[in-house]
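Note sheet for the following structure.
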């Protein structure tokens, strides 16, 4: 019994060319949609094939404000460094609201730069 081939070598070559030419997350997403439509496949199928081919680039997560998210632990670490304390001493501070932590970090950073 012969194995069914979902993507021919020609299709793979075109996928490499089209997806490889896309240099922004938006263009890569458009390339995946274009390839799916052209080949009559689902978008997820094309994406998975690109992953197996080793060329798919995962979209980077951004917060609601469009910025790369920071962990509360990293913010607490920066606050501890700003006051010259051991990070472990500030472990419970990580339970505070993130917006409060950002205000504290900014206040200590501004104080340190004066």
Report, to the nearest 10°, how far helix 43-53 tilts away from the longest principal axis of the Cα atoms in the chain, using its own Cα long axis and a range of 0 to 90°. 80 degrees
Relative contact order as a percentage, the range 72-113, C-alpha pairs under 8 Å and 6+ apart, gives 49 percent
Against the longest alpha carbon principal axis of the chain, how many degrees, from 0 to 90 and to the nearest 10, is the axis of helix 9-21 turned? 30 degrees
Over the chain, volume per residue of the alpha carbon convex hull, in Å³: 185 Å³
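With r as the distance between the Cβ atoms of residue 67 and residue 42 and R0 = 35 Å, compute the FRET efficiency 1/(1 + (r/R0)^6) and round to 0.05. Spell out each step's value before the answer.
Details: r = 32 Å, r/R0 = 0.91.
Efficiency, rounded to the nearest 0.05: 0.65.
Can you give the extra length, in nm with one decimal, that the chain gains between residue 10 and residue 51 once fully stretched, where that is 0.36 nm per residue apart less the Cα-Cα distance? Before the final figure, lay out each step's value.
Details: separation 41, 0.36 × 41 = 14.76 nm, distance 1.73 nm.
Value of the extension gain: 13.0 nm.
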Hey, rough spin-label estimate for residue 110 and residue 98, points 7 angstrom out along Cα→Cβ, what's it come to in nanometres? 2.2 nm
As I understand it, the value is the acute angle between the Cα axis of helix 72-83 and the longest principal axis of the Cα atoms of the chain; what does it come to in degrees, rounded to 10? 30 degrees
What are the extents of the Cα atoms of the range 9-53 along their three principal axes, in Å, largest first? 24, 18, 18
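Please work out the Cα convex hull volume for the range 72-113 and give it in Å³ per residue. Write down the numbers at each step before the final one.
On the way: hull volume 2.0 nm³, N = 42.
It comes to 49 Å³ per residue, whole-number rounded.
For the chain, what's the relative contact order in percent, using C-alpha pairs closer than 8 Å and at least 6 residues apart? Don't skip to the end; give the middle numbers.
Values: 56 pairs, mean separation 17.3, N = 114.
Over the chain, the number comes to 15 percent.
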Computed, not fitted: 222 nm per-residue ellipticity of the chain from DSSP H runs ≥ 4 (each -39500 (n - 2.57)), nearest 500, equal to -19000 deg cm²/dmol
How big is the gap, in Å, between the Cα center of the range 37-114 and the Cα center of the range 10-28? 28 Å
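All of the numbers you see were taken from the coordinates with simple rules; none came from a lab. Not measured: the values here are computed from a predicted model. In this analysis, Cβ positions are derived from the backbone assuming ideal geometry, glycine residues included, and neighbour counts consider all displayed protein chains.
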